[in-house]
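Undergrad: I'd like to ask some things about the structure below.
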Amino acid sequence: MELVQEIAQAVSDLDNEKAESLVNDSLAEGVDAKLVLDGVMVGITQVGHRYETGEYYMLELMQAGVLGKKLIKEITPHLPKVEGVKPAKVVIGSTKGDNHDIGKNLIITQLQVSGYEVFDLGVDVPSITFVNKAKELEADIIGMSAFMSTTMSHFSEVINHLKDIGVRDQYKIIVGGGTTDTAFAESIGADGTATDAVEVVKLCHRLIAESEAVIA
Ligand code: B12
């Protein structure tokens, strides 16, 4: 079986031992870390489908979360650096009520290896904290992650807070996770979205380049 599929299958079957040895052996053999990561992400997505069809329950979702986090941590140091523009500061977190953080953590890692300074606010972050931390740290980009309609509604709450105090234009705002797509991001007045960590880095490069062009 092809490596990506083999890792995906082990993750999807929640076979921790097999998934970990496949990941570790592949990395030790010098296999492209992005391929190894693809396997993990496909596997986690399959767990989601098995939950949707009723084959898996909450317990399996939680086990997949723990396994995914562990594997991503092992893969991260092996991911390639993406060359880009001058490093910028990113403040990122999962919105109030949302505890999903595997995707966010993956983005953080990819941004860090690309030279960005990233401040992780964690999960279940109150909207006002995004605003206060962005101000305090003089961030260039605010990133928000959310998976449910209830928690996605906090994206606009943060944007409105920024507008209320007259500083919306000082930050680039990116949103993502779950069903967030470009149309939704545009509708709430965010500056962009992306569906995987490499695309998020490219998006940040583009937004920073744009803001530098405005200043110049
Ligand atoms: C793992 C998981 C969990 C784990 C989370 C563990 C953790 N530490 O994150 C646990 C078990 C805790 C969990 C809990 C719940 N979950 Co859950 N979970 C998932 C699952 C299976 C995988 C998510 C994941 O990690 N994917 C892998 C990562 C790598 O991908 P990603 O997160 O999408 O991230 C990528 C992009 O989205 C993007 N991105 C992400 N964030 C950002 C941010 C920015 C700024 C940008 C630009 C891009 C970006 O880039 C990322 C990197 O590639 C999904 C199903 C699925 N198919 O997605 C359900 C899912 C998201 N969960 C769901 C639900 C309903 C719940 C619960 C409410 C269940 C319950 N009944 O209690 C709780 C909610 C808890 C809470 N308050 O948040 C639903 C949400 C449906 C909805 N729209 O409302 C899903 C879709 C499952 C389903 N089909 O029902 N869950």
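Undergrad: Cα axis of helix 197-215 to longest principal axis of the chain: angle in degrees, 0 to 90, nearest 10?
TA: For helix 197-215, the angle is close to 20 degrees.
Undergrad: Considering only C-alpha atoms, what is the centroid distance from region 88-110 to region 188-209, in Å?
TA: Spelled out, the Cα-based centre of one part sits 13 Å from the other.
Undergrad: Shape verdict for region 115-166, please, from the Cα gyration tensor: rounded (a/c under 1.5), prolate (a/b greater than b/c) or oblate.
TA: oblate
Undergrad: Just to confirm the number: angle between the C-alpha axis of helix 149-164 and the first principal axis of the chain, 0 to 90 degrees, nearest 10?
TA: 30 degrees
Undergrad: Right, another one. If you stretched the chain out fully between residue 165 and residue 209, how much longer would it get, using 0.36 nm times the residue separation minus the C-alpha to C-alpha distance?
TA: Working: separation 44, 0.36 × 44 = 15.84 nm, distance 2.51 nm.
Length gained, residue 165 through residue 209: 13.3 nm.
Undergrad: Using only Cα atoms, find the angle between the long axis of helix 3-12 and the longest principal axis of the chain, and express it within 0 to 90 degrees, rounded to the nearest 10.
TA: Taking Cα atoms only, the helix is inclined about 90 degrees.
Undergrad: OK, next. Considering only C-alpha atoms, what is the centroid distance from region 116-152 to region 1-70, in Å?
TA: A separation of 28 Å, based on Cα centres.
Undergrad: Return a whole-number percent for the relative contact order of the chain, with Cα pairs under 8 Å and 6 or more residues apart as the contact set.
TA: On the way: 329 pairs, mean separation 34.4, N = 216.
This gives 16 percent for the chain.
Undergrad: Report the Stokes-Einstein translational diffusion coefficient (µm² s⁻¹, integer) for the chain, Rh taken as the Kirkwood radius over Cα pairs, at 4 °C with viscosity 1.567 mPa s. Don't skip to the end; give the middle numbers.
TA: Values: Rh = 18.0 Å.
Answer, rounded: 72 µm²/s.
Undergrad: Okay, moving on. Once amide H atoms are placed 1.01 Å from N in the peptide plane, what residues at a sequence separation of 5 or more from residue 125, or on another chain, have their amide H within under 5 Å of its amide H?
TA: Long-range HN contacts for residue 125: 94, 95, 96, 97, 98.
Undergrad: Go ahead and set up a Gaussian network model of the chain, Cα springs under 10 Å, then flag whichever of 68, 43, 30 fluctuates most.
TA: The residue that fluctuates most here is 30.
Each reported figure results from applying straightforward, stated rules to the coordinates on display, with no laboratory input. Source: prediction; values computed, not measured.
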